[in-house]
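Colleague: Structure incoming, see below.
The values are calculated or read from the model by the stated rules, or taken from the named source; none is laboratory data. Owing to the predicted nature of the structure, the values given are computational and were not obtained by experimental measurement. Here the Cβ is made from the backbone with ideal geometry for all residues, glycine too, and neighbour counts use every protein chain on show. Just so you know, the surface numbers come from the protein's heavy atoms only, side chains and all, with ligands and any DNA or RNA stripped out. Shrake-Rupley method; radii C 1.70, N 1.55, O 1.52, S 1.80 Å.
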Amino acid sequence: MHPLTKLIHDDMIPALGVTEPGAIAFAAARARSLTKGPIQSVAVAMNSGLYKNAFTCGIPNSHAVGNVFSAALGVVAGNWEKGLEALADVTEADNAAAQALVDQGKIKVTLSGIDSTIFLAATVTTETDTCTVTIRGSHTNIVSIVHNGATVFEKTEDHAAEPGEEPTPLIHTYTLAQLAEYAQTVPVEEIAFIQSAYDVNLALYQEGIDSPRTTFAPCLLRANGGKPVSEDVIATAQLLAAGAVEARVLGLDQPAMSITGSGAHGILATLPLYAAQQVLGLSEECLWRATALSYLVCMYIKEYSGRLSAFCGCAIAAGTGAACGLVLMQGGDPDALARTIRNMASSITGMICDGGNQGCVMKGVTAVDAAFRAATFARSGVAIDPVHGINAPDPETTMRYMGRIASPGMVGTEKTIVEIFEEKMG
């Protein structure tokens, strides 16, 4: 298996609801699994990215939202062995029990700091036990478990790099042209597993269309002539992507296939390509190859921006990936791909992320439009000149600059967003 194939395969993870409430529930459930007796308290500390993204986000199998209720459901009914689908089996009785814990003031959530690196520590205390589960780096990456003062699990970091140096991520050892060559030449049977992303994400879209809770998806469906696929490729792509995103942020009972730890990234990196494949009558192989490139470009940018930051990665990173995938689907060469990235860098870079919520739908609609137009311009030889803005002569540096806008560039923006949330809470 090619290293890039493994990178994609290992990063594709089904996630029920937005990944941040899932991570909170997962950590709380793991801590609860090592304690006995009635819960006295649950304390969750998390960095600003997690705090912000889950703040008003819908929770699977519940009509509640937010950090506190995610933690409450995690200790009441979470199954940590299911990872980001920890809340898959929640019942109405579980919701009532979780609400009782919240009403009794037993769930406390605090902000640990302004940071784009995932951090979460969940502590469950009973009369006889205290257990703290700490997550760092990715949504289910447990780095330590401390039970009754004793460390029962600890994951050591990989220190392959020299002291003071960060190891270079695998994705950054490739050029854009090399990523495109891989996507075009990797044996098709090696990437056939990518089809599972479409099976999962299209089922999520259908869940959104069928649900009486969605509002944007039915409106977009009517605008597309009442059909999921029409001759208007952009309208089709906006419908499919926004329908799946809306279902996800509402916490409807279908997972998304996440990439770079985010279901919305996974949706935006795939469903616009599916729309193009359907409207243009292209093969599944063409779709899988375009998706491979889409995923890799998304990963390339996200490794610079951080997993959680103040810019909308699903629009900027996944949207840029989708735009490159669209160019590859229609025979574009590396120069056209480089033009595509410059067009995206100069359009929606800087779009804020104010959490996983219904606003993600509007951001998705905007990103899809930008991706198609950036790709169309690029295929026609039209692009923002490298001299302008955050563009560079080579696409790798342009993507690095895009990531820098988020981290460290938007740390102050992240702080302001969280302050606004706290102000709204009164």
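Colleague: At a 10 angstrom cut-off on C-beta neighbours, averaged per residue, how do the peptides 132-140, 49-57, 195-203 rank from highest to lowest?
Modeller: Peptide ranking by packing, descending: 49-57, 132-140, 195-203.
Colleague: Between residue 143 and residue 219, what FRET efficiency comes out of the Förster formula 1/(1 + (r/R0)^6) with R0 = 41 Å and r the beta carbon distance, rounded to 0.05?
Modeller: In this case the efficiency is close to 0.40.
Colleague: While we're here: Which of the GluC sites (Glu not before Pro) found in segment 161-231 are in a DSSP loop and have at most 14 neighbouring Cβ atoms, other than their own, within 10 Å?
Modeller: Sparse-neighbourhood loop GluC sites (Glu not before Pro): 165, 231.
Colleague: With an 8 Å cut-off on Cα pairs and a minimum separation of 6 or more residues, tell me the relative contact order of the chain in percent.
Modeller: Relative contact order here is 18 percent.
Colleague: Continuing with the same structure: If each DSSP helix of 4+ residues adds -39,500 (n - 2.57) and the sum is divided by the residues in the chain, what number results at 222 nm, nearest 500 deg cm²/dmol?
Modeller: About -16500 deg cm²/dmol.
Colleague: Another question, if that's okay. Taking θ as phi - 60°, what are the ³J(HN,Hα) couplings along segment 366-378 by the Karplus curve (6.51, -1.76, 1.60), each to the nearest whole Hz, with x for Gly and Pro?
Modeller: The phi angles translate into 5, 5, 4, 4, 4, 4, 5, 6, 4, 5, 5, 4, 5 Hz.
Colleague: Measure off 7 Å from each Cα along the Cα-to-Cβ vector at residue 168 and residue 230, then give the distance between these two points in nanometres to one decimal.
Modeller: Each label point lies 7 Å from its Cα, and together they span 4.8 nm.
Colleague: To the nearest 10 Å², what's residue 145's accessible area with a 1.4 Å probe?
Modeller: 10 Å²
Colleague: List, in order, the whole-Hz ³J(HN,Hα) value for each residue of segment 29-36 obtained from phi through the Karplus relation with A = 6.51, B = -1.76, C = 1.60 and θ = phi - 60°; use x for Gly and Pro.
Modeller: Per-residue couplings from phi come out as 5, 5, 5, 5, 5, 9, 10, 10 Hz.
Colleague: Going by alpha carbons, how many degrees (0 to 90, nearest 10) lie between the helix axis of 195-210 and the longest principal axis of the chain?
Modeller: That works out to roughly 70 degrees.
Colleague: Also: Would you mind putting 168-176, 256-264, 5-13 in packing order, based on average other-beta-carbon counts within 10 Å, highest first?
Modeller: With the highest mean Cβ count within 10 Å placed first, the list reads 256-264, 5-13, 168-176.
Colleague: Testing the spin-label approximation: label points 7 Å from Cα along Cα→Cβ at residue 283 and residue 422. State their distance in nm.
Modeller: Distance between the two pseudo-spin positions: 5.7 nm.
Colleague: Find the accessible area per residue for the chain; the probe is 1.4 Å, ligands and nucleic acids are left out, and the unit is Å².
Modeller: In whole numbers, the chain has 39 Å² accessible per residue.
Colleague: Around residue 115, which amide H atoms from residues at least 5 apart in sequence, or from another chain, sit under 5 Å from its own amide H, with H modelled in the peptide plane?
Modeller: Amide H neighbours of residue 115, under 5 Å, 5+ apart: 48, 49.
Colleague: Assuming a ≥ b ≥ c are the square roots of the Cα gyration tensor eigenvalues, decide whether segment 364-413 counts as rounded (a/c under 1.5), prolate (otherwise, with a/b larger than b/c) or oblate.
Modeller: In terms of gyration-tensor shape, oblate.
Colleague: Which angle from 0 to 90°, rounded to the nearest 10, does the C-alpha axis of helix 334-345 make with the longest principal axis of the chain?
Modeller: 50 degrees
Colleague: Here is a follow-up. If the cut-off is a Cα-Cα distance under 23 Å, which lysines reach residue 52, setting aside same-chain residues fewer than 8 apart in sequence?
Modeller: Excluding near neighbours in sequence, the set is 106, 108, 302, 363, 415, 424.
Colleague: Something else about it: Taking amide H positions as placed 1.01 Å from N in the peptide plane, with prolines and chain starts having none, which residues 5 or more places from residue 230, or on another chain, fall under 5 Å of its amide H?
Modeller: When sequence neighbours closer than 5 places are left aside, the close amide H contacts are 236.
Colleague: So who's got an amide H within less than 5 Å of the one on residue 41, skipping anything under 5 residues away but keeping other chains? H placed 1.01 Å off N, in plane.
Modeller: Those qualifying (amide H under 5 Å, at least 5 residues apart or on another chain) are 125.
Colleague: In sequence order, what are the phi-derived ³J(HN,Hα) couplings for segment 324-330 according to the Karplus relation 6.51 cos²θ - 1.76 cosθ + 1.60 with θ = phi - 60°, rounded to whole Hz, with x for glycine and proline?
Modeller: After applying 6.51 cos²θ - 1.76 cosθ + 1.60, I find 5, x, 4, 5, 4, 4, 10 Hz.
Colleague: Any idea what the relative contact order of segment 1-104 is, in percent, if you count C-alpha pairs under 8 Å spaced at least 6 apart?
Modeller: Taking the mean separation of contacting Cα pairs over the length of segment 1-104, I get 34 percent.
Colleague: If you don't mind, there's one more thing I want to ask. Please report the relative contact order for segment 112-257, taking Cα pairs under 8 Å with a sequence separation of at least 6, and give it as a percent rounded to a whole number.
Modeller: Relative contact order here is 15 percent.
Colleague: Testing the spin-label approximation: label points 7 Å from Cα along Cα→Cβ at residue 154 and residue 380. State their distance in nm.
Modeller: In this crude label model, residue 154 to residue 380 measures out at 6.1 nm.
Colleague: May I pose another question? Per the 1.4 Å probe, what fraction of the accessible area of segment 48-154, in percent, lies on carbon and sulfur atoms?
Modeller: With neighbouring chains kept in place, the figure for segment 48-154 is 49 percent.
Colleague: Kindly sort 327, 279 by accessible area of their heavy atoms, largest first, with the probe set to 1.4 Å.
Modeller: 279, 327
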